[in-house]
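Engineer: So that we are looking at the same thing, I have put the structure below in structure tokens.
The values are calculated or read from the model by the stated rules, or taken from the named source; none is laboratory data. Computed from a predicted model, the values in this text were never measured in an experiment. Please note: Cβ atoms are built from the backbone with ideal geometry, for glycine as well, and neighbour counts cover all protein chains shown. Protein only, heavy atoms only, side chains kept; ligands, DNA and RNA dropped before computing areas. Shrake-Rupley method; radii C 1.70, N 1.55, O 1.52, S 1.80 Å.
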Amino acid sequence: MSLTRIIIGKLHRQWITYMMSFRYGRWTLRRVLVGSLGLSFLGIGIFAFYSIVFTLELLPWNPRVNMWCDTEKVPEYMLQAAPDEMTVVTMFIDLGVFKKGEQPLAYHSPYKYKRWMRTFGKMVNRVVAYIENEEDIEYFKKIRSCLPPSHTKVIKIHREELPSFKYLAQIKSIYSLPSYPKYHPNTVYPEYSCAMHAKYDVLQRSCIMDFFNTPYIAWVDIGLFRSLDGTDYPLFKLVPPDKFNPERVGFSQAWPQDPVFTPEFVLKNKLVWVSGSMVLATKEYMLNFTRDYKEAVNELLDQGLSNTDQEVIYAMYSAKMRKAHYVKIKTYLCHPGQLGLFGPASRYFCLGYVCKNAWDKRVPHIRNKISGVARDHR
């Protein structure tokens, strides 16, 4: 018992010493804890600010537009229509902030898309842009204002009027099923799936209206050339790759295709064969492809299956679903480091940079520069 009292007494005295130092010491434990807590809140605040501004880009204003025409003019040869001239079709529908991928801070915001959109300011192709909000229309016009007005056609749309958004309730019903796999945003955000299908609505419309009477037409995502934004890149143009077969539709190959997989397996496992960032074809074959695509979306929805355009195209060309009349696909595969692409960009954005490089090789001063770089790497 005496030993127990001794131990308890020592612990009691130690506790008293601790409390005295906590309350009255010059650098008391209380001050240390309060200071640490303050620094923690400051760190959290800095991290939150950094995430909002630089990662999530939740900013209420539009990115600044570089009016490069104050110091530079478009060369006349770039404005002339080439024999294989390409009309670029794009679209911007504000879907708000949504989660893109499964990482904690993997979100896309309207500001981020508008920042990527700025690369269209130096794309000398004739562009048809479908945009929903008046403010966004004016912003895109400002981006394109250094180019001749004849090179830009902006069309105001309402998502409810696009055929693909008429599937919204049906897609929402599929995604609400607890058993249906959840991938952000593909099978979580029905509006995102509708927007991906709507690309083929506006492509079809552009082929029919033929605003610029060019032999080729291409869908180009707003963010395809995102890596150029913020860099001092020159004016550029997109033309079909060398020896492009006009009876094919061109895509970037993201991953190898296994035609044995069933459409259900493809859509429920988010399998990707080709990237939807760019779709290239002649007007005739693009019309055929968009028609087949829209029919495939209907067929899959009737089976209770939904995802984005990339999964739909994989399913279309599976052994189970492929039709004899489908337009054949020509894929383009880039290796990391090729054309300045690295990581996922080398898989998903390859065709866009192949088309850009096809034009660069036609321009003498750029062609010489490319040849010089190639010699330096030998």
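Engineer: Once R0 is set to 25 Å, what does the formula 1/(1 + (r/R0)^6) return for the Cβ-Cβ distance between D302 and K100, expressed as a FRET efficiency to the nearest 0.05? Don't jump to the answer; show the numbers that get you there.
Structural biologist: On the way: r = 28 Å, r/R0 = 1.13.
Step by step, r from the Cβ atoms, then E = 0.35.
Engineer: Something else now. Counting only protein heavy atoms, what percent of the accessible surface of region 45-194 is carbon or sulfur at a 1.4 Å probe?
Structural biologist: Values: 4280 of 7330 Å².
With neighbouring chains kept in place, the figure for region 45-194 is 58 percent.
Engineer: Dipole of region 220-277, Cα-centred, from +1 at each Lys and Arg C-beta and -1 at each Asp and Glu C-beta, to the nearest 20 debye?
Structural biologist: Values: 6 positive and 7 negative charges, 13 e Å.
That gives region 220-277 a dipole magnitude of about 60 debye.
Engineer: Based on the alpha carbon coordinates of region 257-317, what radius of gyration and maximum Cα-Cα distance (Dmax) apply, in Å?
Structural biologist: 11.6, 33
Engineer: Right, another one. If you wrap a convex hull around the C-alpha atoms of region 147-271 and split its volume per residue, what is the figure in Å³?
Structural biologist: Numbers: hull volume 22.9 nm³, N = 125.
Convex hull of Cα atoms, per residue: 183 Å³.
Engineer: Moving on to the next point. Per residue, what accessible area does region 259-361 have, given a 1.4 Å probe and all protein chains present, in Å²? Before the final figure, lay out each step's value.
Structural biologist: On the way: 4070 Å² over 103 residues.
The answer is 40 Å² per residue.
Engineer: Another one. Where Lys and Arg each count +1 and Asp and Glu each count -1, what net charge lies around K112 among other residues with Cβ under 11 Å from its Cβ?
Structural biologist: Values: positive: K100, K114, R115, R226; negative: E57, D229.
Local net charge: +2.
Engineer: A 30 angstrom limit on the alpha carbon distance is what I want to check against. Which of K99/K141; K199/K270; K112/K243; K328/K356; K237/K283; K172/K283 exceed it? Provide the component values of the computation, followed by the final result.
Structural biologist: Details: K99/K141 28 Å; K199/K270 19 Å; K112/K243 35 Å; K328/K356 23 Å; K237/K283 19 Å; K172/K283 33 Å.
Pairs exceeding the cut-off: K112/K243; K172/K283.
Engineer: Just going by the charge dipole of region 198-242, with Lys and Arg at +1 and Asp and Glu at -1 on Cβ, which of F212, V202, P240 is farthest out on the positive end?
Structural biologist: Toward the positive end, the furthest listed residue is V202.
Engineer: Give me the percent of the accessible area of region 284-354 that comes from carbon and sulfur atoms, probe 1.4 Å, all protein chains in place. Display every interim value, and only then the final one.
Structural biologist: Values: 1610 of 3020 Å².
Within region 284-354, the accessible surface is 53 percent carbon and sulfur.
Engineer: Moving to a separate point now. In vacuum, with every alpha carbon of region 130-208 counted as one equal point scatterer, what does the Debye formula give for log10 I(q)/I(0) at q = 0.12, 0.13, 0.15, 0.24 Å⁻¹? Two decimals, please.
Structural biologist: Per q value, in the given order, log10 I(q)/I(0) is -0.47, -0.53, -0.66, -1.10.
Engineer: Can you tally the net charge around A195? Count Lys and Arg as +1, Asp and Glu as -1, for every other residue whose Cβ sits under 12 Å from the Cβ of A195.
Structural biologist: -4
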